[in-house]
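Asker: To start, I am sharing the structure in question, which I have written as structure tokens.
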Amino acid sequence: GLDLSPTDILKADIIGEIPKNKQDTYTKKWEDIEQDLGRQAFSELFAHIRMIFRKVKAQGTTLDEIRKHIHPEKKPIHFIENTLIPLSDAYYEIQHEQFESTRRAEEVNFYFRFLNQVDNFDWIPPAILHLAMHKHNPDLLVEFFKKLERLAACMMVMRTKINDRIKRYGALITAIEEGRDIFAEGSPLLLTEDDKQRTLTNLGGDVYTELYTRYILLRLDSCLVTGEAWYNYKTISIEHVLPQNPKPDSQWLALFPDEEQRLIYTHQLGNLILLSRKKNSTAQNYDFAEKKEKYFYAEAAPFALTAEVRNEHKWTPKVIERRQARLLNVLSEAWDLT
């Protein structure tokens, strides 16, 4: 009783051109992929396939562009065996963070986990193409996805516009297909000096009001622990140590008497931590000692970012400045921004 989806129409186009004695075999392969990915993700896969072939922003619907420019029905078996199956396998592994290998699988899945938190999906076409082409070379995959996570995250921090992202990833797809050295200077996979400077500048300012704050704090936290930390808490909230709205009679105003400077400190990385529960509106404005005792120490499973703040005796401008410089340095090292 459902309306035909674009993938249903493509299925009819493609399977219909396969010899009848093989149609059942390829119908089952098609339907197995759709079932494994789910109807929505299966539809998204074709949008990513369109990007891999076209390398430009869509000018129409995915169905129209595939019919007009890709013509999978001309070589239907080849399309299913050499495009649909390997790219769907790669897409599944990335979505579910389930790359398997005898070596370095956890490192690859670590980068999948962070890439899946990026606020756009434009990085997926080069990701699934590279994984499909090099799935038996874990060393190369680690290096690639390390650089891809850096690129995707930094473009998010730079607030790179969609047209510029598409252009960059399109160039990366071309480089992957042509077998070029994507780690060489000038590669679209690598950050330019301007990219690095813009990223550092944005990270050094007001990060709390940006959509990428949670990503950055989790990425920082992963750098501060031994191993590759990832948290599956149902709730992860961002908390200000120096409150956004301190009470008039609180110690905060004595420690931060300059209102303009206090507002600058408030939303910087150096003043932010993560909690594995919802914010407590009452506790948020406690003075530091009380906040630490009743709020931060109540954190059942503290993040590394939170644990290090609990070790501070006071929370002053100098502490925020020191922590700000340290955290920026940690990210700078993780993403090779200097």
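The values are calculated or read from the model by the stated rules, or taken from the named source; none is laboratory data. All values reported here derive from a predicted model rather than from experimental measurement. Cβ sites come from the backbone with ideal geometry, for glycine too, and all protein chains shown count toward neighbours. Ligands, DNA and RNA are stripped out before the accessible areas are found, and what is left, the full protein with its side chains, is counted by its heavy atoms. Shrake-Rupley method; radii C 1.70, N 1.55, O 1.52, S 1.80 Å.
Asker: How tilted is helix 39-54 with respect to the longest principal axis of the chain? Cα atoms for both, answer in degrees (0 to 90, nearest 10).
Answerer: Tilt of helix 39-54: around 80 degrees.
Asker: Now for a separate question. Rounded to whole Å and ordered largest first, report the semi-axes of the equivalent ellipsoid of the chain derived from its Cα gyration tensor (root of 5λ).
Answerer: Semi-axes (√(5λ), whole Å): 46, 21, 18.
Asker: Quickly rank 319-329, 94-104, 144-154 as a protection proxy: mean count of other C-beta atoms within 10 Å, highest first.
Answerer: Packing order, densest peptide first, comes out as 144-154, 319-329, 94-104.
Asker: Over the chain, with the other protein chains present, what is the accessible area per residue in square angstrom, probe 1.4 angstrom?
Answerer: 50 Å²
Asker: Viscosity 0.692 mPa s, temperature 37 °C: give me the Stokes-Einstein translational D for the stretch 41-147 in µm²/s, with Rh taken as the Kirkwood radius over C-alpha pairs.
Answerer: 227 µm²/s
Asker: I want to check the label-to-label distance for LYS247 and PHE183. Put each point 7 Å from Cα in the C-beta direction and report it in nm to one decimal.
Answerer: 5.6 nm
Asker: May I ask you to compute the full-extension gain from GLU106 to LEU140, defined as 0.36 nm times their residue separation minus their alpha-carbon distance, rounded to one decimal in nm?
Answerer: Extra length available between GLU106 and LEU140 comes to 10.8 nm.
Asker: With angles folded into 0 to 90 degrees, how steeply does helix 317-334 sit against the dominant principal axis of the chain? Use alpha carbons for both and round to 10.
Answerer: With both axes taken from Cα atoms, the answer is about 20 degrees.
Asker: Related question: Tally Lys/Arg at +1 and Asp/Glu at -1 over every other residue whose Cβ is under 13 Å from the Cβ of TYR265; what's the total?
Answerer: Surrounding charge for TYR265 is -1.
Asker: Could you check how much of the accessible area of the stretch 1-151 is carbon and sulfur, as a whole percent, using a 1.4 Å probe?
Answerer: 48 percent
Asker: Each residue of the stretch 158-167 in order: what ³J(HN,Hα) in whole Hz does its phi give by Karplus 6.51 cos²θ - 1.76 cosθ + 1.60, θ = phi - 60°, with x for Gly and Pro?
Answerer: 6, 6, 4, 6, 4, 5, 6, 5, 4, 4
Asker: Counting only protein heavy atoms and using a 1.4 Å probe, what share of the accessible area of the stretch 183-338 belongs to carbon plus sulfur, as a whole percent?
Answerer: Roughly 48 percent, rounded to a whole number.
Asker: Another question about this same structure. Name the most mobile residue of PRO317, PRO19, PRO126, meaning the one with the largest mean-square fluctuation, in a Gaussian network model of the chain with Cα contacts below 10 Å.
Answerer: Checking each option, the largest mean-square fluctuation is seen for PRO19.
Asker: Please compute the net charge surrounding ASP13, taking Lys and Arg as +1 and Asp and Glu as -1 over other residues with Cβ under 9 Å from its Cβ.
Answerer: Residues close to ASP13 contribute a combined charge of 0.
Asker: Lysines within cross-link reach of LYS167: Cα-Cα under 29 Å, excluding same-chain residues under 8 positions apart?
Answerer: Here the lysines satisfying the reach criterion relative to LYS167 are LYS55, LYS57, LYS68, LYS74, LYS75, LYS135, LYS146, LYS147, LYS196.
Asker: Between beta-carbons, use under 14 Å as the cut-off and find the net charge around SER332, counting Lys and Arg +1, Asp and Glu -1.
Answerer: Spelling it out: positives minus negatives among the neighbours equals +1.
Asker: If you don't mind, there's one more thing I want to ask. Can you compute the charge dipole magnitude of the stretch 64-198 about its Cα centre, using +1 on each Lys and Arg Cβ and -1 on each Asp and Glu Cβ, nothing else charged? Give it in debye, rounded to the nearest 20.
Answerer: Magnitude of the dipole: close to 300 debye.
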